[in-house]
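Shown next, in structure tokens, is the structure this report addresses.
The values are calculated or read from the model by the stated rules, or taken from the named source; none is laboratory data. Because the structure is a prediction, the values reported are computed rather than measured. FYI the Cβ positions are ideal-geometry reconstructions off the backbone, even for glycines, and counts take in every protein chain you see. In case anyone asks, the SASA skips ligands and DNA or RNA and just uses the protein heavy atoms, side chains included. Shrake-Rupley method; radii C 1.70, N 1.55, O 1.52, S 1.80 Å.
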Amino acid sequence: MKRAIVMGGSYAGLFAARVLSEYAEDVLVIEPDVIEEDGLGRRVPQRHQLHALLSMGHTQLERWFPGTTEELVKGGALLGEGDDVRFYLDGRLKAPAAGARMLGATRPFLESHLRRRVTALANVRFLRAQATDLVFRRGRVVGVTTAALDGGTGGTGETFDADFVVDAMGRNSPLEDWLARHGWDRAPVDSMRIDLGYATVLFHRGDELGSTVIAHSSPGPASDYRPALTEPGALAAVEGGRWSVVLAGYADHRPGPDPEEFLRRMRRCVAPLRTVADTSTMIGDVRTYRFVESRRRVHSRLNRFPGGLVVVGDALASVNPVYGQGLTLAALAANALGAHLRSTPFPQSPARDYFRLVEAVVEGAWQLSTAADLAQPHVTGPYPRGHRVQKWVADRLTEASVRDSAVNTRYMGVVNMELPPKALTDPRFLARAARVLLAG
Ligand SMILES: Cc1cc2nc3c(=O)[nH]c(=O)nc-3n(C[C@H](O)[C@H](O)[C@H](O)COP(=O)(O)OP(=O)(O)OC[C@H]3O[C@@H](n4cnc5c(N)ncnc54)[C@H](O)[C@@H]3O)c2cc1C
């Protein structure tokens, strides 16, 4: 292709640009925000929040940007393995999962490294502007119009021709409105209202937790429909000798910005968070974020869709962040894009294969997150068929994963998106989980 355009230069856009650099002579990334390591880009407020990278996300990071982990670690990020990574459920430390490996870094730090790598690609350039519409010809997208930014800084208000266009404009992408304006149908949307609140703050890091890199605590079956036994939250050792600590809560239990309240809640968390609350000094403000609903757009349900256009990242699916799937889904969408472009002789045709591939990945993440969210008393559905039985089985498996390393290894393989959810229905795995539960 002569030119491919990526609208949005955040995490999903950077991965898409990396893939497209192998298929287009010229890749133009249109991004209105200035994204520096510490200047957080106002259009992605969640960059302030703690971001965990699932194992599959880490694998994809190294696939498309080899050597990034080493670079990040040299810059002060931490890589946790074995006992450095601790997961708690209902306040109990889970059995170790073989091969557990997690990166401790803030999202701006991770993203700034990727951006540097993408900027260094000879055929990729960034334009500081806002995409405002698409240009269509004979059923396919052939260009993108842009507008100058507020105050006339950056952006040229030009129209750019394109053979292929990627929507990586995030959760509030205007793409559907543009499509409707040009006579196309909007993609059907699945959604689940969860009303989640997040709050993240940094602390100075000493040696108060030894080699711990990640500690993550979530409510399990014992906390269903009653107050959680411990507050859900997590911490990560990040660059700059700091801890990033996040607390989460639903509906009326959303954490607020008051630092004293934050510390009080941390003291009701599992031991590592209590220790940091008691021994470390907070840096800066508590940043809050409200996430109202999980949402995915299902393009394969459309009868017609313009050629030469795909959707990646949060613009495609934005799921409850407590399961840490967003960055990994963004990277896997890039994989699907690569697979599509490798196999199609006509990239300017409707990308049905791409949507089929990527929606299969999203489906796994969606099943996992929405099934868990339905345990919240304020979440009112939609309930899938067989929900009660599924939940009963999932609760038993979760319990077995706390007690047994082999069960937890497979369980975490699914959580980390290395295995599909159906890996939890393997008869040998179920038999092992049953033995663990019967052994008491
Ligand atoms: C509170 C919270 C915590 C999270 N924690 C995790 C976690 O622990 N792990 C994890 O994997 N994921 C997490 N996520 C999800 C993760 O943040 C998203 O999945 C990720 O940001 C998606 O990247 P994206 O590039 O698709 O969209 P975004 O990061 O939202 O970026 C969209 C980009 O599009 C640009 N843009 C917007 N409009 C235009 C336009 N008109 N023209 C051009 N560009 C435009 C924006 O400036 C922005 O740069 C979390 C999300 C939230 C809300």
Quick test of your reading of the structure: residue 166 fulfils all but one of (1) assigned to a strand (DSSP E or B); (2) more than 11 Å from the ligand (Cβ to nearest atom); (3) of a type outside the set (Ser, Thr, Tyr). Name the failing condition by number. (2)
Residue satisfying all of: in the stretch 320-358; modelled with pLDDT under 95 and within 16 Å of the ligand (Cβ to nearest atom); most open to solvent (accessible area, probe 1.4 Å) among these: 323
All-but-one check, residue 99 against (1) exposed (fewer than 15 other Cβ atoms within 10 Å of the Cβ); (2) not in a loop (DSSP other than H, G, I, E, B), failing number (2)
Scan the stretch 356-369 and tell me whether some residue there is farther than 23 Å from residue 58 by Cα and in contact (Cβ under 8 Å) with a residue 12 or more places away in the chain. yes
Residue pairs meeting the criteria (Cβ under 7 Å; at least 6 apart or on separate chains; first under 16 Å from residue 92 (Cα atoms), in the stretch 271-284; second assigned to a helix (DSSP H, G or I)): 273/266; 274/266
Just wondering, is there one or more residues in the stretch 27-40 that are open to solvent by 30 Å² or more (accessible area, probe 1.4 Å), more than 14 Å from the ligand (Cβ to nearest atom) and in a strand (DSSP E or B)? no
In the set 183, 157, which member is within 15 Å of the ligand (Cβ to nearest atom) and either open to solvent by less than 80 Å² (accessible area, probe 1.4 Å) or under 30 Å from residue 247 (Cα atoms) (or both)? 157
Against the definition (more than 10 Å from the ligand (Cβ to nearest atom), among the acidic types (Asp, Glu), in a helix (DSSP H, G or I) and surrounded by fewer than 21 Cβ atoms within 10 Å (Cβ to Cβ)), how does residue 22 come out, yes or no? no
Restricting attention to the stretch 58-96, the residues that are under 18 Å from residue 237 (Cα atoms) and either of a type in the set (A, V, I, L, M) or part of a helix (DSSP H, G or I) (or both) number exactly 15
Out of the stretch 407-425, which residues are free of Cβ contacts under 8 Å to residues at least 60 places away in the same chain and open to solvent by 40 Å² or more (accessible area, probe 1.4 Å)? 410, 419, 420, 422, 425
